[in-house]
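The values are calculated or read from the model by the stated rules, or taken from the named source; none is laboratory data. Treat the numbers as computed from the prediction; the structure is a model and nothing was measured. We place every Cβ from the backbone using ideal geometry, glycine too, and count neighbours over all the protein chains shown.
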Amino acid sequence: MAAARRERTKSVRVHLASLGCAKNLVDSERLLARLATAGAWVGAEAEEADIILVNTCGFIDPARRESMSVIDEYAALKVERPELKLFVLGCLVVRDGDALRDRLPDVDGFFGIDAHEDIVRASGLADEDTGDTRLLLTPSHTAYLRVADGCGNRCSYCTIPLIRGPFRSRPASDVVAEAHALAELGVRELNLIGQDTTAYGVDRLGEPGIVGLLERLDEIDGVRWIRLLYAHPAHLGDDLVRAYTRLDKLVPYVDLPLQHLSDRILAAMGRRVDRAAIDRLLGTLRGQVPGLALRTTFIVGFPGETDAEFGQLLRGVEEIRFDHLGAFAYSPEPGTPAAELPGRLPPALVADRLERLLAAQHAVVMEKNGSRLGELVDVLIDGADETPGMSIGRTATQAPDVDPVTFVRGRHKAGVFVRARITGSSDLDLTATVVR
């Protein structure tokens, strides 16, 4: 079984804050299921909890600052309730464990990424290994499906291999079994995640690669949409491009973090592709996959980034016209090769470049949204909007959590698919009316 029901009659009350990426969220879901199985009441409000868990992100400096702020907020509750236990876990502990212990004397326990057994026992409960069982923190009709952990790409700016270790694919049989169990619980949308989903299977001789895994998932009854996230441009081959054209449930959405468009910076980042290879890949995808939506991420202000190189990135965004884009200021991370590079840029300059890049993308999306008026789309309803008479949903080309949404007129049940016509946009979001 891939999820556990929330228990409301147990003695140990647990509140959990999950920070960072979807991989962290899956870790949190598995931990909550293990605690619930052991007898905890999970889902308590922080003010009523006996134990507060903070699953931290340690990827870049802004994420670490957010984690520390959340920990401090919960630690303040111990002033009036000294019996409250505060546990900190996850990536930040792996990365900065010793410093955290000195900085946070009010924390009752620090735990790494896979220390679920230790956390359950520290909570005063008898542990039972619940495997892939999860208590979903997403809406019940959508779920993340992790196919691998760790990373072997060794990009020069990235701390993931230091935190999560080398790339490790899960056995295909385990992934498929979990997907079946999720479908039986009512999940209609599977979002596949890993540090590099396109590398799935390279470390398992005799096991299927990502295309073979997608073929198996495509056969699962009940699932309607399968979305592949975190693809690597150096590993997205022709067989995967063809899979987008022949697998019914694989939505035409490619999440392809490119990080930059300057050949010199791409090489310094260790990305294993150049601009020409990127253009060929994007041309192939757009030429062969009807209705394709492209999402990417970029890093602005990498050491030594010149005005001309930033100009290449800016023009590329205007020319390529991505459907969705995330951008981040470069963060020098101790232990990474890029942190030792000369040419660190002034923060004000990086902030200005980041603002200009996001403004360029905003203009692209606004123009694209305007051209979609009258288009018929399927929308998966996520729930009711706070505006009376409106629901929030997503099209197949809008991933949960990271992309804009589609507002649909009328109240519609979460988890249903509706056929709707796009009638307008609200900033980056779309608005639509159901076609009856």
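Brief remarks follow.
- Pairing each residue of the range 79-91 that is assigned by TED's automatic domain parsing to the domain that holds residue 54 with any residue that is assigned to a loop (DSSP other than H, G, I, E, B) and among the aromatic types (Phe, Trp, Tyr), provided the two are 6+ apart or on different chains, yields C-beta distances under 8 Å for 91/59.
- Of all residues in the range 299-331, exactly one satisfies the criterion of being part of a helix (DSSP H, G or I) and among the aromatic types (Phe, Trp, Tyr), namely 310.
This table checks each residue for (1) outside any loop (DSSP other than H, G, I, E, B); (2) surrounded by 15 or more Cβ atoms within 10 Å (Cβ to Cβ).
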| position | (1), (2) |
| --- | --- |
| 366 | yes, no |
| 404 | no, yes |
| 418 | yes, yes |
| 422 | yes, yes |
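- Cβ pairs under 7 Å, 6+ apart, first in the range 193-218 and aromatic (Phe, Trp, Tyr) and at pLDDT 95 or above, second surrounded by 16 or more Cβ atoms within 10 Å (Cβ to Cβ) and assigned to a loop (DSSP other than H, G, I, E, B): 200/147; 200/194; 200/209
- Residues within the range 102-147 that are closer than 21 Å to residue 229 by Cα and either of a type in the set (S, T, N, Q) or surrounded by fewer than 15 Cβ atoms within 10 Å (Cβ to Cβ) (or both), tallied: 3
- Residues located in the range 323-338, provided they are in contact (Cβ under 8 Å) with a residue 12 or more places away in the chain and over 21 Å from the mean Cα position of the chain (by Cα): 332, 335, 336, 337, 338
- Pair list, Cβ < 7 Å and 6+ apart or interchain, from the range 409-436 residues that are over 22 Å from residue 225 (Cα atoms) to residues that are modelled with pLDDT of 95 or more and of a type in the set (Phe, Trp, Tyr): 426/407
- Unmet criterion (only one of (1) under 26 Å from the mean Cα position of the chain (by Cα); (2) surrounded by fewer than 20 Cβ atoms within 10 Å (Cβ to Cβ)) for residue 309: (1)
- Taken over the range 249-298, residues that are at negative phi, in a loop (DSSP other than H, G, I, E, B) and either among the charged types (D, E, K, R) or not assigned by TED's automatic domain parsing to the domain that holds residue 311 (or both) amount to 3.
- Residue in the range 338-348 that is surrounded by the most Cβ atoms within 10 Å (Cβ to Cβ), counting only those that are out of contact with any helix residue (DSSP H, G or I) (no Cβ under 9 Å at 6 or more places or on another chain) and assigned to a helix (DSSP H, G or I): 339
- Boolean, residue 194 is small (Gly, Ala, Ser) and in contact with a His (Cβ under 9 Å, 6 or more places away or on another chain): no
One line per residue, one yes/no per condition, for (1) at pLDDT below 95; (2) in contact with a helix residue (DSSP H, G or I) (Cβ under 7 Å, 6 or more places away or on another chain); (3) of a type outside the set (Asp, Glu):
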{"residue": "226", "(1), (2), (3)": "no, yes, yes"}
{"residue": "229", "(1), (2), (3)": "no, yes, yes"}
{"residue": "232", "(1), (2), (3)": "no, yes, yes"}
{"residue": "236", "(1), (2), (3)": "no, yes, yes"}
{"residue": "243", "(1), (2), (3)": "no, yes, yes"}
{"residue": "251", "(1), (2), (3)": "no, no, yes"}
{"residue": "255", "(1), (2), (3)": "no, no, no"}
{"residue": "267", "(1), (2), (3)": "no, no, yes"}
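- Summed over the range 137-179, residues that are in a helix (DSSP H, G or I), out of contact with any helix residue (DSSP H, G or I) (no Cβ under 6 Å at 6 or more places or on another chain) and touching a residue at least 60 places away in the same chain (Cβ under 8 Å) total 4.
- Residue pairs meeting the criteria (Cβ under 7 Å; at least 6 apart or on separate chains; first closer than 18 Å to residue 357 by Cβ, in the range 251-273; second surrounded by 23 or more Cβ atoms within 10 Å (Cβ to Cβ) and of a type in the set (Val, Ile, Thr)): 256/296; 257/296; 258/296; 259/299; 260/299
- All of (1) among the hydroxyl-bearing types (Ser, Thr, Tyr); (2) within 29 Å of residue 264 (Cα to Cα); (3) under 21 Å from the mean Cα position of the chain (by Cα) hold for residue 397 with one exception: (2).
- Scanning the range 384-400 for residues that are at pLDDT 95 or above and either within 17 Å of residue 251 (Cα to Cα) or not aliphatic (A, V, I, L, M) (or both) yields 391, 393, 394, 395, 396, 397, 398, 399, 400.
- Criterion: out of contact with any Leu (no Cβ under 9 Å at 6 or more places or on another chain) and assigned by TED's automatic domain parsing to the domain that holds residue 116 - qualifying residue of 61, 72, 27, 50: 61
- Annotation: of all residues in the range 52-91 being assigned to a helix (DSSP H, G or I) and of a type in the set (Ser, Thr, Tyr), the one that is farthest from residue 333 (Cα to Cα) is 74.
- Lone qualifier among 219, 189 - being more than 30 Å from residue 334 (Cβ to Cβ) and buried (at least 22 other Cβ atoms within 10 Å of the Cβ): 189
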